[in-house]
Amino acid sequence: MSSEDRDDLLPVRPESPTPHRDKLRELLNNHKLPKGDGESVQRAIECYDRWIEAMDSISLEGDNKVKTLVDSVNEYKKFVGLEVIWDSEADFLFRQRGQLKLDNSIIEEFLPRLVDPAIIPALEGKTYVTGPRTTFSAAYFTTVLSAPSKGTGLQLRQKDQDFTVSRVAHLQASFDERFPPEDTVAHKIHLAFVAAECKTNLDKTMFQEAIATAHDLKLAVPGSRYYVLCEWLDMTPISTTPTDIDEVIILRGRRIPANRRSRFAGSESRREQREWYESFLADNPIRSSSVLRFVEHLRILFDSTQLGEDDVLGRGYF
């Protein structure tokens, strides 16, 4: 097995996707970034490095580790949301925060730290990768009888997922059972056993898109689970029962109403309301209870084992 293949088996690799760090680096090089914000973005990168180091050095186990991780991400998110974005003398960061994806990319780097044998013991010794991945969602063939395509014309459809617990798989296709190179196509894919959409604000349009994504995922991997994790709810709750979404988990609470948000457009008005906003963030942190609920879903999923016939007959159901 090559060193590259062995790297694929590590749960959280040093070279794992770092979407939030990437967004900060892109922002620092963005020609539209106001000059006065460059220093605060650089401070955010330094704070980010300390945050990652702090999370990866936690030696606790179980729920205690989860709660400590939640405290850590709350502290970092407050710094970015308040000191970098809210306190900016310009309006660029505040108005473009959705496009810049500074908020939900933080969650994308936090969630993989939960997929840890110290938190989910059933993962000990298992082969998996976690974090944002492009995962398999469908396969189809473009060949025709009169003009056969190389490798049966195997084509894949894949989907970017904000968070996954997945495993690398390899597909080959050929009309020849010996798989000769000249008539074989090969693909390396990620099969997602768990996937989650991470939203800062969840509205009805996003919810409908998530329903479609969940359906595609479960057609590809019927035993998979799909979740939506949102910080702020921006819609009337809708039952997930008739959908392929396993659960929507609200990490913080209800989004600030639009009439209140409109008062934050300018830096002067943000300065005037800084105390209120800081209090709002303090009163609505990412809740340990919500994160623990997600972790418990993962524990139940990965603790499940093949049912024995004697056990099933003994209890009378399965």
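The values are calculated or read from the model by the stated rules, or taken from the named source; none is laboratory data. Predicted, not measured: the structure shown is a model, and the values here were computed from it. So basically every Cβ, Gly included, is an ideal-geometry build from the backbone, and we count neighbours across all protein chains shown.
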* Residue under evaluation residue 294, criteria (1) under 20 Å from the mean Cα position of the chain (by Cα); (2) among the aromatic types (Phe, Trp, Tyr); (3) modelled with pLDDT under 95, criterion not met -> (3)
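Conditions (1) under 30 Å from residue 118 (Cβ atoms); (2) in contact (Cβ under 8 Å) with a residue 24 or more places away in the chain; (3) hydroxyl-bearing (Ser, Thr, Tyr); (4) surrounded by fewer than 15 Cβ atoms within 10 Å (Cβ to Cβ), marked per residue:
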site	(1), (2), (3), (4)
217	yes, yes, no, no
226	yes, yes, yes, no
229	yes, yes, no, no
247	yes, yes, no, yes
257	no, no, no, yes
260	no, no, no, yes
284	yes, yes, no, no
290	yes, yes, yes, no
* To do: For the range 149-172, state whether one or more residues are of a type outside the set (Gly, Ala, Ser), surrounded by fewer than 15 Cβ atoms within 10 Å (Cβ to Cβ) and on the phi > 0 side of the Ramachandran plot.
  => no
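Which residues, counting only those in the range 263-310, are hydroxyl-bearing (Ser, Thr, Tyr) and not in a helix (DSSP H, G or I)? Write out each step before concluding.
To start, the set of residues in the range 263-310 that are hydroxyl-bearing (Ser, Thr, Tyr) comprises 267, 269, 277, 279, 288-290, 304-305.
If the condition is that a residue be hydroxyl-bearing (Ser, Thr, Tyr) and not in a helix (DSSP H, G or I), then 304, 305 are the ones that fit.
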* Boolean, residue 189 is surrounded by 13 or more Cβ atoms within 10 Å (Cβ to Cβ), out of contact with any strand residue (DSSP E or B) (no Cβ under 8 Å at 6 or more places or on another chain) and among the hydrophobic types (A, V, I, L, M, F, W, C) -> no
* Could you grab me the full set of residues in the range 117-134 that are touching a residue at least 40 places away in the same chain (Cβ under 8 Å), of a type in the set (D, E, K, R) and either surrounded by fewer than 20 Cβ atoms within 10 Å (Cβ to Cβ) or farther than 18 Å from residue 220 by Cα (or both)? => 126
* Asked: Does residue 137 count as in contact (Cβ under 8 Å) with a residue 40 or more places away in the chain, closer than 21 Å to residue 202 by Cβ and among the hydroxyl-bearing types (Ser, Thr, Tyr)?
  -> no
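Those residues that are buried (at least 19 other Cβ atoms within 10 Å of the Cβ) and of a type in the set (Asp, Glu), I need them from the range 197-215; list them, please. Don't jump to the end; show me each part of the working.
Looking only at the range 197-215, we keep the residues that are buried (at least 19 other Cβ atoms within 10 Å of the Cβ), and these are 197-200, 202, 207, 210, 213-214.
197 - this is the single residue of the range 197-215 that is buried (at least 19 other Cβ atoms within 10 Å of the Cβ) and of a type in the set (Asp, Glu).
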* To do: Could you grab the pairs with beta carbons closer than 6 Å, sequence gap of 6+ or different chains, first residue in the range 268-282 and within 16 Å of residue 254 (Cβ to Cβ), second one assigned to a helix (DSSP H, G or I)?
  => 281/78
* Matching entry among 22, 37, 56 (being acidic (Asp, Glu) and under 20 Å from residue 116 (Cβ atoms)) -> 56
* Only one residue in 72, 105 is surrounded by 14 or more Cβ atoms within 10 Å (Cβ to Cβ) and under 17 Å from the mean Cα position of the chain (by Cα), so which one is that? -> 105
